[in-house]
Amino acid sequence: MANEPLEPDLVDHLLGKLGGWTREGDTIHRTYQAEDFPGAIHLVNVVAVLAEQARHHPDIDIRWRNLSFTLSTHDAGGKITMADIELAAQINAAISTQPAAR
């Protein structure tokens with residue numbers, strides 16, 4: 001089930017397949033440097049749509065063109081679930097469509 005907490009070893013295995021994500025305690029985390037500030041905001045807007053569709057929302061920190069995404073499942077006591085892994089994969093797909101940072 002999507003909201004069942006995953007074992008840390010399984011999380012690490014799944015993140016190894018995703019690339020770019022790390023486990024930090026009971027969260028998963030990825031940073032991304034956009035080409036510029038408008039590019040960062042564009043990516044945030046894309047991720048916002050994905051998050052709404054999934055009904056699962058990341059914490060997003062924006063610092064100029066640097067983005068930080070953090071995921072855990074509040075309904076699972078703040079633990080990592082398949083919902084986090086699935087949204088992380090969607091965020092990776094969105095990142096892959098962005099122009100390369102200079």
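The numbers here are math on the coordinates, done by the rules we state, and not lab data. Fair warning: this is a prediction, and the values are worked out from it, not measured in the lab. Reconstructed Cβ throughout: ideal geometry from the backbone, glycine too, with neighbour counts over all protein chains shown.
A few points about this structure:
- Every residue from the range 53-70 that is of a type outside the set (Ser, Thr, Tyr) and in contact with a His (Cβ under 8 Å, 6 or more places away or on another chain): Phe69
- Of all residues in the range 55-69, those satisfying the criterion of being surrounded by fewer than 14 Cβ atoms within 10 Å (Cβ to Cβ) and not aromatic (Phe, Trp, Tyr) are Arg55, Asp59, Asp61, Arg63.
- Cross-chain or 6+ apart pairs with Cβ under 9 Å, the range 80-93 first and buried (at least 20 other Cβ atoms within 10 Å of the Cβ), then of a type in the set (D, E, K, R): Ile80/Arg23; Ile80/Asp26; Thr81/Glu4; Thr81/Asp75; Ala83/Arg55; Ala83/Asp75; Ala88/Arg30; Ile91/Arg30
- When Leu43 is tested against the conditions (1) surrounded by fewer than 19 Cβ atoms within 10 Å (Cβ to Cβ); (2) in a helix (DSSP H, G or I), the lone failure is (1).
- Consider the range 1-27 and keep the residues that are in contact (Cβ under 8 Å) with a residue 12 or more places away in the chain and in a helix (DSSP H, G or I). The one that is surrounded by the most Cβ atoms within 10 Å (Cβ to Cβ) is Val11.
- Those residues of the range 72-102 which are in a strand (DSSP E or B) and in contact with a helix residue (DSSP H, G or I) (Cβ under 6 Å, 6 or more places away or on another chain), in sequence order: Thr73
- Of all residue pairs spaced 6 or more apart or on separate chains, those with beta-carbon atoms under 9 Å, a first member in the range 53-71 that is in contact (Cβ under 8 Å) with a residue 40 or more places away in the chain and assigned to a strand (DSSP E or B) and a second member that is of a type in the set (Asp, Glu) and loosely packed, with under 14 Cβ neighbours inside 10 Å are Phe69/Asp59; Phe69/Asp61; Thr70/Glu24; Thr70/Asp59; Thr70/Asp61; Leu71/Asp59.
- Of the candidates Ala100, Ala76, the single residue that is among the aliphatic types (A, V, I, L, M) and surrounded by 14 or more Cβ atoms within 10 Å (Cβ to Cβ) is Ala76.
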